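Shown next, in structure tokens, is the structure this report addresses.
The values are calculated or read from the model by the stated rules, or taken from the named source; none is laboratory data. Since the structure is predicted, the reported quantities are computational estimates derived from the model, not experimental observations. Please note: Cβ atoms are built from the backbone with ideal geometry, for glycine as well, and neighbour counts cover all protein chains shown. Just so you know, the surface numbers come from the protein's heavy atoms only, side chains and all, with ligands and any DNA or RNA stripped out. Shrake-Rupley method; radii C 1.70, N 1.55, O 1.52, S 1.80 Å.
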Amino acid sequence: EKKRRPYISVGLLSIDVIIGVIYASNRALELFDIPNPIVFTLAFAVGFAPTAIAVTLVVINKRRLKGILLSNNYTLSTKYQLQENLWAFK
């Protein structure tokens, strides 16, 4: 939980910037014949998909955690650990 993984966000941002640079240079210098929908789709996928996945995971995990917290099948330490995991993921 304490270990940060900045290389994931740095990698995604780098890919997004590279796609933007390729698109901008293509528009300015007409180097490649890349159709606009392909570039927009790539930029959208790199920029939006990780955020959508993270939000979906948080919503699903909150619902599951609510059910676990209301049940008596888990120890207090397990419930607390699951809450901490969800907090750390955010």
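Under 7 Å between Cβ atoms, at least 6 apart or on separate chains: pull out the pairs that start in region 19-30 with a residue that is under 14 Å from LEU42 (Cβ atoms) and in contact (Cβ under 8 Å) with a residue 24 or more places away in the chain and end on any residue that is open to solvent by less than 70 Å² (accessible area, probe 1.4 Å) and not charged (D, E, K, R).
Taking only residues 6 or more apart or on different chains, the pairs are ILE19/VAL39; ILE19/ALA43; ILE19/VAL46.
Looking only at region 41-48, decide whether some residue is within 22 Å of LYS3 (Cα to Cα) and of a type in the set (Val, Ile, Thr).
The answer is no, given that none of the residues of region 41-48 is within 22 Å of LYS3 (Cα to Cα) and of a type in the set (Val, Ile, Thr).
For the subset of region 16-44 comprising residues that are open to solvent by less than 80 Å² (accessible area, probe 1.4 Å) and under 22 Å from the mean Cα position of the chain (by Cα), which member is nearest to GLU84 (Cα to Cα)?
Per the stated criteria, the residue is ASP16.
Of the conditions (1) within 15 Å of the chain's Cα centre (by Cα); (2) without any contact (Cβ under 8 Å) to a residue 60 or more places away in the chain, ALA88 clears all except one; give me its number.
(2)
Give the residues of region 45-90 that are within 26 Å of ILE15 (Cβ to Cβ) and either in contact with a strand residue (DSSP E or B) (Cβ under 9 Å, 6 or more places away or on another chain) or open to solvent by less than 70 Å² (accessible area, probe 1.4 Å) (or both), sorted by residue number.
ALA45, VAL46, GLY47, ALA49, PRO50, ALA52, ALA54, VAL58, VAL59, ALA88
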